[in-house]
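Enquirer: I have a structure here, written as structure tokens, and I will follow up with some questions on it.
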Amino acid sequence: MNNHYAVILAELSVKVNGEDKKTLSGVLIDTKSGLVLTHGTLVSSLLTDQQINSLQNKGILQNSFHHWDAEVCLQRTNKQDSNNNLRSILNSSDIATQTESETWQKNLYSEYSANVQAIFSLKKLQNVVSFLLPENKWEFVEDFSSQETPDDQSKFYAMLSCFIILKLNNWKSYNNNISVLAYDQLDKGDNLEIEATPFGGLCPEIFLNSRSTGVLSNKAGGILLMTDARCVPGSEGGPVFCRKGHHRYLVGLIITSLCWKSNEWVGLSMACAITDVLKRVKQICRVEMIPIENIFRARNNLSQLIESIPLIVVGSNWGSGIVIGQDDGHSILLTCSHVVKESDYNTVKLKFTDQQTIHKGKVLYKTPVDEQFDIAVLTCPFNSGKYIQISSKPVAQGDKVYVIGHAVFGEEKNLEPTITSGIISKVLCINNIPVLIQTTCAVHAGASGGAIVDQYGQLVGIPVSNAKDTESKASYPHINMCIPIATVSPIIQEYMASKDASILENLTIKHKHIKRLWMLDSIHTASKL
């Protein structure tokens, strides 16, 4: 392999009729013929309504781009010179000449002119996006103060399921060394990496091929991948990799970096599974593509826990629950009190993963609304024999944790629970007893009552709410308030041993200082999930 182009990321720009260049990320997917893939939103403002309609109906646009100028930047991989050190850098002139600056940039990346071969859409992706992310409820903009018109936003939405093929000019061929994994080889909770160019071509010498890590939060329709890896505009078209053991596999392409649902930021980025994209490229360009790897699939611990996290629906409310044990063939569950607050006059419905049957639950005890702790104990006649073990150790600041719950998507979407990753950012104690924990995991509506688990898959907390600014109405999914399970577990364990439901009344506490902590201040309030 030619190490000169070992990194396969590309930053692309297009100029049309003298307009400012438009940039996104991309990936070099065929090193033999120099084919680059990027995302269709790059040219959403450059296409006419007629072209977009034709693209959606026919699935492809070709031979319409002769007036487009495309450029691609590929990062070089240079060996470090052992003679270069900090002292020699500091002793050099503070002011580089223009020639020196250009030479430095050329050492960082190579620039290629390119031709647009085709723009194509994936009907399968289009159907999943329209179902899960309907245009009337979701937006994909950097901020709501942008000058985009409704027509611009509509074009952008139409191009979410589209991709662009570019062919590099004067390309020197070498063999691929990319490994690819298919959609069905991925499990929720798998470690993912995004490698892209934030802000597009704003400053490629700084941002080209930046990395962000997270987990596979969810997947849908055999093609859509969701990740909590941090992503910013300009990253669209960038590749998503999955780490399995010591290997790194290409699994997807980012299609949107920022998502807003009903004017609230959703801390997830969306990607398209790479195998569907590669199959279409092979058909269009008639080239041999990267072979799909078939590895031994051992489910990670997190993906196995989702079977113990049912969706709970009570009247107009929905949230998550946690199976923590069993009693005489019945499951014992925890959730948040506000999830089942309408249980006195509505059926408590539970939907388990891989179960089409809706099971009826019974509330054994729920704390009064707006009291701390916001917790409820349920029982359900369905019992899979699987449950989440309660951790015997209290959490500490900085601990790695994961949130598992039915966030963002409601009952009608029929998705499995979503997994997000982060750390324990804060543990608040009174008299050395944890009364509130905060995490940096992305937590959204529907995650209430779900599980916060440690790296061993043991239960350490229950998400209740995230922070919301009452003036701007902005929610902060990465700042959330959670019940420390170590504090309430003695009561839960005593009930499970005695089966005396009156013991659960001890879950209701009234403490002014604890209540003030949970309510936050007057401007920033807790927004129930």
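Enquirer: Might you check whether a residue that is within 19 Å of E416 (Cβ to Cβ) and of a type in the set (K, R) occurs anywhere in the stretch 346-356?
Expert: Yes, some residue in the stretch 346-356 is within 19 Å of E416 (Cβ to Cβ) and of a type in the set (K, R).
Enquirer: In this structure, does S331 turn out to be surrounded by 14 or more Cβ atoms within 10 Å (Cβ to Cβ) and outside any strand (DSSP E or B)?
Expert: In short, no.
Enquirer: Now for a different question. Quick one: in the stretch 352-365, which of the residues that are aliphatic (A, V, I, L, M) and assigned to a strand (DSSP E or B) is nearest to G319 (Cα to Cα)?
Expert: V363
Enquirer: Looking at the stretch 436-463, which of its residues are surrounded by fewer than 21 Cβ atoms within 10 Å (Cβ to Cβ) and either among the charged types (D, E, K, R) or not in a loop (DSSP other than H, G, I, E, B) (or both)?
Expert: If the condition is that a residue be surrounded by fewer than 21 Cβ atoms within 10 Å (Cβ to Cβ) and either among the charged types (D, E, K, R) or not in a loop (DSSP other than H, G, I, E, B) (or both), then D454 is the only one that fits.
Enquirer: Would you please list the contacts, defined by Cβ atoms under 9 Å and residues six or more apart or on different chains, that run from a residue in the stretch 176-197 that is more than 22 Å from Q455 (Cα to Cα) to a residue that is of a type in the set (D, E) and crowded, with 23+ Cβ neighbours inside 10 Å?
Expert: Every condition considered, the pairs that remain are N176/D30; A196/E11; A196/E236; T197/E11.
Enquirer: Related question: From the list V377, V403, V408, exactly one residue is surrounded by 18 or more Cβ atoms within 10 Å (Cβ to Cβ), at pLDDT 90 or above, assigned by TED's automatic domain parsing to the domain that holds V488 and within 20 Å of the chain's Cα centre (by Cα). Which is it?
Expert: Exactly one of V377, V403, V408 is surrounded by 18 or more Cβ atoms within 10 Å (Cβ to Cβ), at pLDDT 90 or above, assigned by TED's automatic domain parsing to the domain that holds V488 and within 20 Å of the chain's Cα centre (by Cα), namely V403.
Enquirer: Do we find a residue being in contact (Cβ under 8 Å) with a residue 12 or more places away in the chain, buried (at least 21 other Cβ atoms within 10 Å of the Cβ), out of contact with any Gly (no Cβ under 7 Å at 6 or more places or on another chain) and of a type in the set (D, E, K, R) anywhere in the stretch 228-240?
Expert: Looking for residues that are in contact (Cβ under 8 Å) with a residue 12 or more places away in the chain, buried (at least 21 other Cβ atoms within 10 Å of the Cβ), out of contact with any Gly (no Cβ under 7 Å at 6 or more places or on another chain) and of a type in the set (D, E, K, R), one finds at least one in the stretch 228-240, hence yes.
Enquirer: While we're looking at this one, here's another question. So P368 passes all but one of these: (1) surrounded by 19 or more Cβ atoms within 10 Å (Cβ to Cβ); (2) part of a loop (DSSP other than H, G, I, E, B); (3) of a type outside the set (K, R). Which condition number does it fail?
Expert: Among (1) surrounded by 19 or more Cβ atoms within 10 Å (Cβ to Cβ); (2) part of a loop (DSSP other than H, G, I, E, B); (3) of a type outside the set (K, R), the lone unmet condition for P368 is (1).
Enquirer: A further question on this structure: Working carefully through the options S54, S25, find the one that is modelled with pLDDT of 80 or more and touching a Ser or Thr at 6+ places or on another chain (Cβ under 8 Å).
Expert: S25
Enquirer: Now for a different question. Assess whether L253 counts as being surrounded by 19 or more Cβ atoms within 10 Å (Cβ to Cβ), of a type in the set (A, V, I, L, M) and closer than 25 Å to P291 by Cα.
Expert: yes
Enquirer: If you don't mind, another one. Can you list residue pairs whose Cβ atoms sit under 6 Å apart, with the first residue in the stretch 486-515 being assigned to a loop (DSSP other than H, G, I, E, B) and the second being at pLDDT 90 or above? Count only pairs 6 or more apart in sequence or on different chains.
Expert: The qualifying pairs are T508/T367.
Enquirer: State which residue is surrounded by the fewest Cβ atoms within 10 Å (Cβ to Cβ) when the search covers only the stretch 334-365 and only residues that are under 19 Å from K386 (Cβ atoms) and touching a His at 6+ places or on another chain (Cβ under 8 Å).
Expert: Among them, the one singled out is K351.
Enquirer: Also, I was wondering about something else. Does L86 satisfy the condition of being surrounded by 18 or more Cβ atoms within 10 Å (Cβ to Cβ) and either assigned by TED's automatic domain parsing to the domain that holds V281 or at pLDDT below 85 (or both)?
Expert: No: the conditions fail for L86.
Enquirer: Within the stretch 239-260, can you find the residues that are more than 14 Å from the chain's Cα centre (by Cα) and over 21 Å from I164 (Cβ atoms)?
Expert: R243, K244, G245, H246, H247, R248, Y249
Conditions tested, residue by residue: (1) part of a strand (DSSP E or B); (2) at pLDDT 90 or above; (3) under 18 Å from the mean Cα position of the chain (by Cα).
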residue	(1), (2), (3)
S217	yes, yes, yes
G222	no, yes, yes
E236	no, yes, yes
C272	yes, yes, yes
V277	no, yes, no
Q283	no, yes, no
S303	no, no, yes
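The values are calculated or read from the model by the stated rules, or taken from the named source; none is laboratory data. Just so you know, these numbers come straight off a predicted model, no measurement behind them. Cβ sites come from the backbone with ideal geometry, for glycine too, and all protein chains shown count toward neighbours.
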